[in-house]
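To start, the structure under review is shown below, and the notes come after it.
What follows is calculated from the coordinates using simple rules that are stated; it is not laboratory data. Everything numeric here is computed off the predicted structure, so don't read it as measured data. Cβ atoms come from the backbone with ideal geometry, glycine included; neighbour counts cover every protein chain shown.
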Amino acid sequence: MVETDRLPPERRAALEGLIATATFFALPERLVSGLPDVIQYRVEVWESERAHEVAFDDECPNESLRSLIAGVFDAGMEGS
């Protein structure tokens, strides 16, 4: 879990930009291929009065969603 309130302002702004670029709140809840032996991800974002969760796997062609995962991972490593 990454709490953006605890991140430096520039890191928080970067994550918010990745969420916007991925149009995260407009994505369907599941983007999984159904293939065996692929890494699956589940991302939940809470923003003010709304929340949305998306499950996807390594076969997902959405590059902006992959960039969001990388940003979340980096922010989590920075915060630990």
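What the table shows:
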| item | result |
| --- | --- |
| Percentage relative contact order, segment 4-79, counting C-alpha pairs under 8 Å, at least six apart | 36 |
| Largest-first principal axis extents, alpha carbons of the chain, Å | 38, 27, 18 |
| Label point distance in nm, H52-V38, each placed 7 Å from Cα along Cα→Cβ | 2.1 |
| Residue order, fewest to most beta carbons within 10 Å, for M1, M77 | M1, M77 |
| Nearest-ten-degree value, helix 63-79 long axis tilted from longest Cα axis of the chain | 50 |
| Lys, Arg +1 and Asp, Glu -1 on Cβ, resulting dipole of the chain about Cα centre, debye, nearest 20 | 80 |
| For segment 8-25, 3J(HN,Hα) per residue [Karplus equation, 6.51 cos²θ - 1.76 cosθ + 1.60, θ = phi - 60°, Hz, x = Gly/Pro] | x, x, 5, 5, 4, 4, 5, 5, 4, x, 5, 5, 5, 4, 6, 6, 3, 6 |
